[in-house]
Amino acid sequence: MKHARVMLGGRIHNAVEKDGQLLLEDKRLVGEDAVTWLPPLPPTGRPRTILALGLNYADHAKELAFGKAPEEPLVFLKGERSLNGHRQFTKRPDDATFMHYECELAVVIGRTAKKVQRDDAYDFVGGYTVANDYAIRDYLENWYRPNLRVKNRDGATPLGPWLVDARDIPDPMALALRTTVNGQVTQQGNTKDMIFDVPFLIEYFSRFMTLHPGDLILTGTPDGVADCRKGDVVVTEIEGLGALVNTIQ
Amino acid sequence: MTDIARGTVYGTLLNFRGELEALGPRMNEAPYQAPPTAPVLYVKPANAWSENGARIVVPAGVDEVEIGASVAMVMKSATEVAGYVLVNDLSLPQPNFYRPPVKYNCLDGFLAIGDRVRARNEAGDPAVFELKVRVNGELKQTVRFSNLVRPADKLLADVGAFMTLGPGDMLMLGCDTPRPRARAGDTIEITMPALGTLSNTLVAEAA
């Protein structure tokens with residue numbers, strides 16, 4: 001099932017996808033544009049941990065001129081205020097010269113995971129969604145890189161539209177990814193090209209930190225990131241998960 | 001203040017002059033190339049939270065941990081500080097600042113947070129905060145917050161320029177160098193008169 005979390009009439013509703021529309025908990029069937037979409041995540045008691053990978057596709061590592069691929073995951077964390085919903089707006093600072101999208105498979109943890117072996121990793125996944133981990137390269141510095149000034153900006157990490165149940169995605173390592181800007185395809189890839197795959201990442205992280213339900217792993221982006229300007233409509237899409245729409249403002 | 005749910009906890013690197021002095025010319029060499037212009041922050045996730053008095057597990061195979069004694073601002077809103085609290089930002093020693101040290105820093109329990117949050121009118125001016133770190137009763141470090149590169153208000157303003165903090169979020173003022181070390185079996189006490197004592201004992205991971 002595909003789950004959404006939306007606002008309508010000043011209240012938050014949980015919904016599921018039905019015939020291309022949203023079936024709210026109160027049984028109303030409404031269109032995609034009738035609601036305000038929130039990140040499709042049930043609230044957690046404590047701030048969720050959001051882990052994000054850099055350089056997790058070999059082509060993208062080359063693209064950013066890092067030469068060879070990393071031997072260990074390059075990971076950073078971000079806070080929840082960076083998240084944004086489907087069909088929302090992300091601000092491009094006036095002084096930015098290079099702000100690019102990053103279409104990423106996002107894993108939502110479903111069970112508390114501590115020292116999980118990779119063969120069991122999928123048992124700990126609750127679902128999947130699409131993330132767009134925008135980056136403003138102008139602000140990059142070489143201290144704890146990428147820094148939070150680049151990667152923890154308010155609303156600069158759209159997530160959604162749907163939280164797709166893990167059981168509906170039998171092989172998350174074989175999903176096509178695509179980004180379009182104003183309708184033109186600018187990025188294409190496949191999750192099979194990840195350097196460190198989802199089971200590896202769950203084993204790797206849960207070895208030194210306990211992952212809790214609702215925690216997120218943004219698994220990196222392939223080749224093809226491009227600058228986007230104010231007014232651009234950026235759609236990051238993943239096979240089986242949906243198309244996440246965001247407009248730069 | 002105690003009614004606000006705890007939000008995200010952010011740490012601050014290189015906010016003590018001593019940290020810059022310790023790095024010296026290395027700040028301008030590869031891979032850093034130049035000193036940072038923006039505050040250098042990191043997230044200490046919720047799995048790392050430990051309370052005052054909690055035992056903190058040191059993973060098997062780890063000899064020593066570094067004590068990151070500091071004070072954090074607890075936010076009431078994006079710009080208002082509800083109060084100040086002691087923290088012990090533990091980490092596994094590693095000398096590299098290029099990439100976020102997630103596997104050294106985000107271990108379960110590796111952020112002890114004090115239970116006494118005090119507003120400015122009781123805690124005083126953060127510019128003159130001074131805390132002490134003792135390991136097994138022996139004084140190991142005195143931290144004077146007059147040595148900050150960005151004092152509390154300036155840090156808040158510069159962080160607020162690129163991200164909005166919310167009620168319950170915490171922003172640490174930074175950790176001075178060299179960080180004292182401790183090992184399984186040690187009891188660490190961080191004290192500041194207005195903020196009380198943050199005490200935790202390290203225990204070895206069960207085999």
The one condition in (1) within 23 Å of residue A:59 (Cβ to Cβ); (2) within 14 Å of the chain's Cα centre (by Cα) that residue A:181 fails to fulfil: (2)
Yes/no for residue B:87 being surrounded by 23 or more Cβ atoms within 10 Å (Cβ to Cβ), within 19 Å of the chain's Cα centre (by Cα) and within 14 Å of chain A (Cβ to nearest Cβ): no
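Quick check, is residue B:51 surrounded by fewer than 14 Cβ atoms within 10 Å (Cβ to Cβ), more than 12 Å from every other protein chain (Cβ to nearest Cβ) and closer than 30 Å to residue B:205 by Cβ? Break it down stepwise before answering.
Working: surrounded by fewer than 14 Cβ atoms within 10 Å (Cβ to Cβ): yes; more than 12 Å from every other protein chain (Cβ to nearest Cβ): yes; closer than 30 Å to residue B:205 by Cβ: yes.
Yes, satisfied.
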So residue B:12, is it under 22 Å from residue B:113 (Cα atoms), touching a helix residue (DSSP H, G or I) at 6+ places or on another chain (Cβ under 7 Å), of a type in the set (Ser, Thr, Tyr) and away from chain A (no Cβ under 11 Å): no
Flag if residue A:196 is within 14 Å of chain B (Cβ to nearest Cβ) and free of Cβ contacts under 8 Å to residues at least 24 places away in the same chain: no
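Among the β-branched types (Val, Ile, Thr) and more than 15 Å from the chain's Cα centre (by Cα): does that describe residue B:128?
Taking the combined requirement at face value, the residue satisfies it.
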Residue B:200 being buried (at least 17 other Cβ atoms within 10 Å of the Cβ), farther than 21 Å from residue B:12 by Cα and in contact with a strand residue (DSSP E or B) (Cβ under 7 Å, 6 or more places away or on another chain): yes
Qualifying residue in the range A:36-47 (condition: more than 29 Å from residue A:201 (Cβ to Cβ) and small (Gly, Ala, Ser)): no
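Modelled with pLDDT of 95 or more, under 14 Å from the mean Cα position of the chain (by Cα) and of a type outside the set (S, T, N, Q): which single residue out of A:32, A:25, A:104 fits that description?
One residue alone meets the criteria, A:104.
Tell me, yes or no, whether the range A:203-214 has at least one residue that is within 14 Å of another protein chain (Cβ to nearest Cβ), within 15 Å of residue A:173 (Cα to Cα) and not polar (S, T, N, Q).
Step one: list which residues in the range A:203-214 are within 14 Å of another protein chain (Cβ to nearest Cβ), which gives A:203-214.
Checking the rest, the ones that are also within 15 Å of residue A:173 (Cα to Cα) come to none.
Scanning the range A:203-214, I find no residue that is within 14 Å of another protein chain (Cβ to nearest Cβ), within 15 Å of residue A:173 (Cα to Cα) and not polar (S, T, N, Q), so the answer is no.
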Residue in the range A:149-164 that is farther than 21 Å from residue A:81 by Cα, away from chain B (no Cβ under 14 Å), surrounded by fewer than 23 Cβ atoms within 10 Å (Cβ to Cβ) and aliphatic (A, V, I, L, M) present: no
Which numbered condition residue A:46 misses (of (1) within 14 Å of chain B (Cβ to nearest Cβ); (2) touching a Pro at 6+ places or on another chain (Cβ under 8 Å); (3) not small (Gly, Ala, Ser)): (2)
Some residue of the range B:57-75 being under 15 Å from the mean Cα position of the chain (by Cα) and within 10 Å of chain A (Cβ to nearest Cβ): no
Filtered residues of the range B:90-128 (kept if more than 14 Å from chain A (Cβ to nearest Cβ) and of a type in the set (A, V, I, L, M, F, W, C)): B:112, B:117, B:119, B:123, B:127, B:128
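Every residue, every condition in (1) of a type in the set (A, V, I, L, M); (2) in contact with a strand residue (DSSP E or B) (Cβ under 9 Å, 6 or more places away or on another chain); (3) modelled with pLDDT of 95 or more, yes or no:
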| residue | (1), (2), (3) |
| --- | --- |
| A:165 | no, yes, yes |
| A:168 | no, yes, yes |
| A:171 | no, no, yes |
| A:182 | no, yes, yes |
| A:187 | no, yes, yes |
| A:193 | no, yes, yes |
| A:199 | no, no, yes |
| A:218 | yes, yes, yes |
| A:231 | no, yes, yes |
Residue in the range A:131-148 that is farthest from the other protein chains (Cβ to nearest Cβ), counting only those that are buried (at least 18 other Cβ atoms within 10 Å of the Cβ) and part of a helix (DSSP H, G or I): A:139
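Mind listing just one residue for me: the one in the range B:61-79 that is in contact with a strand residue (DSSP E or B) (Cβ under 8 Å, 6 or more places away or on another chain) and of a type in the set (D, E, K, R) and, of those, nearest to residue B:169 (Cα to Cα)? Let's see the steps before the verdict.
The first filter runs over the range B:61-79 and keeps only residues in contact with a strand residue (DSSP E or B) (Cβ under 8 Å, 6 or more places away or on another chain), leaving B:64-76.
Next, only the ones that are of a type in the set (D, E, K, R) stay: B:64, B:66, B:76.
Numbers: B:64: 29, B:66: 24, B:76: 8 Å.
So the residue we want is B:76.
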Tally, over the range A:166-185, of residues that are buried (at least 18 other Cβ atoms within 10 Å of the Cβ) and assigned to a strand (DSSP E or B): 5
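The values are calculated or read from the model by the stated rules, or taken from the named source; none is laboratory data. Note that this is a predicted model, so its numbers are computed, not measured. Reconstructed Cβ throughout: ideal geometry from the backbone, glycine too, with neighbour counts over all protein chains shown.
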